[in-house]
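Coordinate-derived values only; no laboratory data. The structure displayed is predicted, hence computed values, not measured ones. Because the Cβ atoms are built from the backbone with ideal geometry, glycine has one as well, and the counts that use them run over all protein chains shown.
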Amino acid sequence: MLPVPTSWDSQWTLNHGTAENPGLDTLHAGVMFARPQTGWGASLGHLQMTPDLLWVDRILVKVGVSYLRGKEQFLGLSKPSSTGDTSLVMATTWQGVEASSWSVDVEAQALHARATGPEGFVEFMTGLRGSFRFDQSYTSNAPYLFPHVELPSWNVALVAGAGAGLKVYRGRMVRVQWTVDLLQLAQASSPSGPRVVDIDARGLHWMQGGYRPWRVSFAHDLFRKKPAEGCAAPTRSTASKTLFDPKMKGMGKAKFKGGKKARKQRGGE
């Protein structure tokens, strides 16, 4: 996870009076910190070789599930209760929000590799990733902060990354890849409400700040065995059809023998 941004000033002041006779009530005033949390994911996909393309040597399509986690921490002055008391106290213990979400992900990647030796290579990728989220939850011990915002229920992002691979056996390769969401192309609308931070198109609204994921993945590629080499054309093509009908076998040879016998008889006469 990559927070967007890492920290920001946050202040929430309510006016219980009027514009002419204001009655200001400060709920909090301080700094919010985004604390990246490690999640996990697993996926299964199909890798297709593309030898005829110039800059793309493999196409990968995969489906997976991931578990996302986030945390924000507040440091500053806050109002200890929701009563009319406007006094502020310094937050001496952890105050903030922890959130999590499950996600189903569908991703298509275009890969380009460069060899670094007889068994190793580096690769570069671009792709599209669609995420669909469910079962979001959060825990907060700071009611004086802005209301919690959930992740969009779905989004589509432009993804890019780099990695390295190694051939471990014939038909088997292992790869380590690092990817990040470069741009959010489309997403479901987020709940509206007071917010201090307005992130750009690289990230998503989550809690009070933003979320821009990056991933480190380990892949094990299994390739099918190459078909045995042969000069025969594909069985379903017209080139593979039998040139002569089996019933005609020997007919030309018999005709030739008959002609030879006739010429011999004429010569003897």
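Brief remarks follow.
- At R0 = 35 Å, FRET efficiency that the Cβ-Cβ distance of Leu47 and Gln136 yields, to 0.05: 0.65
- Rounded FRET efficiency, nearest 0.05, which uses the C-beta distance separating Thr93 from Trp154 and R0 of 25 Å: 0.10
- Compared with the direct C-alpha span, the chain from Leu222 to Val106 gains 39.8 nm at full extension, assuming 0.36 nm per residue.
- With both labels modelled 7 Å from their Cα along Cα-to-Cβ, the Asn21 to Arg114 distance reads 7.4 nm.
- Computed from backbone phi, the HN-Hα couplings of segment 196-201 come to 8, 9, 10, 7, 8, 6 Hz, rounded to whole numbers (Karplus: 6.51 cos²θ - 1.76 cosθ + 1.60, θ = phi - 60°; Gly and Pro given as x).
- Per-residue 3J(HN,Hα) values for segment 45-54, derived from phi via the Karplus relation 6.51 cos²θ - 1.76 cosθ + 1.60 with θ = phi - 60°, read x, 10, 10, 10, 6, 10, x, 8, 8, 6 Hz in sequence order (x marks Gly and Pro).
- Extension gain, Val56 back to Val122 (0.36 nm per residue minus Cα-Cα distance, nm): 22.4 nm
- Length gained when the stretch Val168-Leu182 is fully extended (0.36 nm per residue, less Cα-Cα span): 1.9 nm
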